[in-house]
Amino acid sequence: MNDAGGGSRHWNQSTWGGIVLVAVALVGWFGTGGLAIGTLGAMGPGLLPRALAAMVGVCGVALLAIGLVRLGEQISGFALRGAVMVPLAIVAFALTIRSVDVAGFKTPGLGLAVAGPLAVLIGGHATPEAKLGELLPLSLILTAFCLVLFGDALNLPIPIFPEEARPYFAGWTQRGILRAIAAAMAAAGLLLALPKLIGLFGRRA
């Protein structure tokens, strides 16, 4: 059933968005089936991905239900750029956070400190309005936050930095290295974002 404005009772943006989220949640849930979940006191590597998949699935079901009971705008076009850049960012992250054998070629294990900003920079270019000057500080700050949250607060066993750099941190604990890298990335991100923030607040004043 369509309304005068081109809305569709069933196949609208909310419906398709919900289907995509549910599909992503199912892939994430079953794709991490081989990882140990652990407990809240001793989290395993599979706990966070499965919890995230469950939340994405719930959001997808809710969005799907809204699309089925309400009129909504139909999908008018398909943005190829976003469909390419977002999966490319995910693949780049998976191939660089730790060493992976792909068709006899071993990718470099660069850790979250490198894989995180790389994924944000690539995925951020899914929109034509993307600007490197804005994405770079964002990528550094987001990665610093993830390092502290997942590596420090939740104590998940994630690679932090390239193992080849380990000799430069002789005598450091793993947590000390993590906090130092996170602090340096956050400071660099804030410094890069400072001119933009000053200009923004200056215009408001």
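Read-outs: derived from the displayed coordinates by stated rules, not from any lab. Since the model is a prediction, treat every value here as computed from it, not as a measurement. Cβ sites come from the backbone with ideal geometry, for glycine too, and all protein chains shown count toward neighbours.
Worth a mention:
- A full extension of the chain between Lys196 and Ala65 corresponds to an added length of 43.1 nm, given 0.36 nm per residue minus the alpha carbon distance.
- Remark on Gly38: its backbone amide H falls under 5 Å from those of Gly44, a criterion applied only to residues 5 or more positions apart or on other chains, H modelled at 1.01 Å from N.
- Overall Cα dimensions of the chain, principal axis frame, Å, largest first: 69, 52, 38
- Working from label points 7 Å from Cα in the Cα-to-Cβ sense, the Met55 to Trp11 distance is 3.3 nm.
- Cβ-based charge dipole, the chain, positive-most Cα from Ile90, Val22, Leu118: Leu118
- Computed about the Cα centre, the dipole magnitude for the chain is approximately 280 debye when only Lys and Arg (+1) and Asp and Glu (-1) carry charge, each at its Cβ.
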